[in-house]
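The values are calculated or read from the model by the stated rules, or taken from the named source; none is laboratory data. Only a predicted model underlies this, so the values are computations on that prediction, with no experimental measurement involved. No Cβ is skipped: glycine too gets one built from the backbone with ideal geometry, and neighbour counts run over all protein chains shown. We work out accessible area using only protein heavy atoms, side chains counted, and drop any ligands, DNA or RNA first. Shrake-Rupley method; radii C 1.70, N 1.55, O 1.52, S 1.80 Å.
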There are 2 protein chains.
Amino acid sequence: MGVVSKGEQTRELALREALAQSSNVGLQGITIGALADSLGMSKSGLFAHFRSKEQLQLDVLDFAGRMFVARVFTPALDVSSGEPRLTFIVDRWLGWAGFADYALPGGCVFVTAAREFDDEPDGPVRDLLVTQQQEWLDTLAQVVRGGVREGHFREDADVDQVAYDILALMLGYHFAVRLLRDERADSRTRRAFERLLDDLRPTS
Amino acid sequence: MGVVSKGEQTRELALREALAQSSNVGLQGITIGALADSLGMSKSGLFAHFRSKEQLQLDVLDFAGRMFVARVFTPALDVSSGEPRLTFIVDRWLGWAGFADYALPGGCVFVTAAREFDDEPDGPVRDLLVTQQQEWLDTLAQVVRGGVREGHFREDADVDQVAYDILALMLGYHFAVRLLRDERADSRTRRAFERLLDDLRPTS
DNA sequence: CGCAGAAACGCACGGTCGTGCTTTTATGGG
DNA sequence: CCCATAAAAGCACGACCGTGCGTTTCTGCG
């Protein structure tokens, strides 16, 4: 009777759980059995929803992408464009990659997936991942360009370089907080971001 | 009759091959069977050299650490301390993490290992990895401190922050060159490093 | 050369994985 | 309430994993 069928419902639940586990063990590290156990159902019952492990990985990646956009980018559209919006995004991003996001107990799933597939030969999962990352870099650059338009940033700013720099900062943050368990990771990343903004502002 | 026994010899060969494979598939991704095949020997014959897979991982990590020091840090001691030495290190480091180093066809093994163990509970391998990384960060900070002493960098420079920033740059480089296969990764990283140095120099 | 010890091998074990097949159970529109 | 259909379960398969044991081959000193 529900507007959403039983199948869709468990599928959604499975994706949510799979995403959480992926953040810990990666997309390859997911096992159908462990996932089924966590959901209290049988391996084959779960397996039927996705018809292969690769399809599961693709679905999880897509799910994660939509969640990232919804939590980090979309809310930023309510913030005035330019530097405020960029700062807002970085702040949300830190939350997504760190411990704040209970949906990702193991940190940013993209960071994990990136290293799993970086040396893999081309394949559907790798391709989707690369596309997502490049689109996100473009989006970031676009936000920076908005800052230039607003007069917050220098006219000659290399917006792609800035996007690249910010991404590197986030990778460093993930490394420090996840592997080294460095409590100063957050403040260090924010400091580095401030320095980046300083260099970006018009010379007064 | 040689000064080095047969066992030591194949062990060295095995470590070299294991390191190469690790850079592709990670420390966990190594399989004794595949490694044995690559070396043209039997699984059990190889296995006897290391008495467990965990021991193999530890040995590979130690091997990689000594090789990294030998290729990146030790040669830098011949360069005059301060900014020249720091620049030299970054240059060598880029070679190590990129495609230049034929011993690491899959990029920096530490980057790969970091992701594998970042959410693992504490264990011997993880502990060793963290120790290595923290020691390297300390070493980097020490090099930066040398630059302060030489008058190349500002007196009030936060040397730990600089080390952190450089590490983040390298992670970004690895991401761009390995996953995105971005040809501009090298120049972008060098540009970001230059910007970092600019901020570090005394205000003229 | 001879022989003790090192090195490598062959083989098998228990376990886990992804994936199909058949069967059972639950769902929900008419 | 019925019953077609969807959803979940049960079960088995082949493949691959790390690891141990007994045996065979090689190495290199006396």
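Some observations on this one:
- With the helix formula -39500 (n - 2.57) applied to DSSP H stretches of n ≥ 4, the protein assembly as shown reaches a computed 222 nm mean residue ellipticity of -22000 deg cm²/dmol.
- Kirkwood Rh and Cα Rg combined as Rg over Rh, evaluated for the protein assembly as shown: 1.00
- Span per principal axis, largest first, for the Cα atoms of chain B (Å): 65, 41, 32
- Nearest-0.05 FRET efficiency for B:GLU183 and A:ALA70, computed from C-beta distance (R0 30 Å): 0.40
- Accessible surface for the protein assembly as shown, divided over its residues, is 46 Å² per residue with a 1.4 Å probe.
- Computed about the Cα centre, the dipole magnitude for chain A is approximately 620 debye when only Lys and Arg (+1) and Asp and Glu (-1) carry charge, each at its Cβ.
- Every Cα-Cα pair in the stretch B:53-109 was counted, and those over 18 Å apart are 40% of them.
- Gain on full extension, evaluated as 0.36 nm per residue between A:GLN134 and A:SER44 minus their Cα-Cα distance, stands at 28.9 nm.
- Fully extended contour minus Cα-Cα distance, from B:PHE99 to B:ASP78, at 0.36 nm per residue: 5.1 nm
- Label distances, nm, B:THR74 versus same residue in remaining copies, Cβ-directed 7 Å point: 5.5
- Label distances, nm, A:ASP158 versus same residue in remaining copies, Cβ-directed 7 Å point: 2.5
- Alpha-carbon centroid distance for the pair the stretch B:177-200 / the stretch A:78-101, whole angstrom: 23
- Placing unit charges on the Cβ atoms of the charged side chains and taking the dipole of the stretch B:1-117 about its Cα centre, the candidate lying farthest along the positive direction among B:ASN24, B:TRP96, B:LEU46 is B:LEU46.
- Element breakdown for chain A at a 1.4 angstrom probe: carbon and sulfur atoms account for 52% of the accessible area.
- Each residue was assigned an accessible area with a 1.4 Å probe, and for B:LYS43 the value is about 130 Å².
- Cα-centre dipole for the protein assembly as shown with unit charges at Cβ (Lys and Arg positive, Asp and Glu negative), debye to 20: 580
- Förster-model FRET efficiency, 51 Å R0, A:ASP158 and A:SER52, C-beta, rounded to 0.05: 0.75
- Helix runs (DSSP H) in chain A reaching 27 Å along axis by Cα, Kyte-Doolittle at least -0.5: A:124-150
- Cα-centred dipole magnitude for the stretch B:1-102, charges only on beta-carbon of K, R (+1) and D, E (-1), debye, nearest 20: 240
- Label-point distances for B:GLY123 to the equivalent site in the other copies, using a point 7 angstrom along Cα→C-beta, read 2.2 nm when ranked shortest first.
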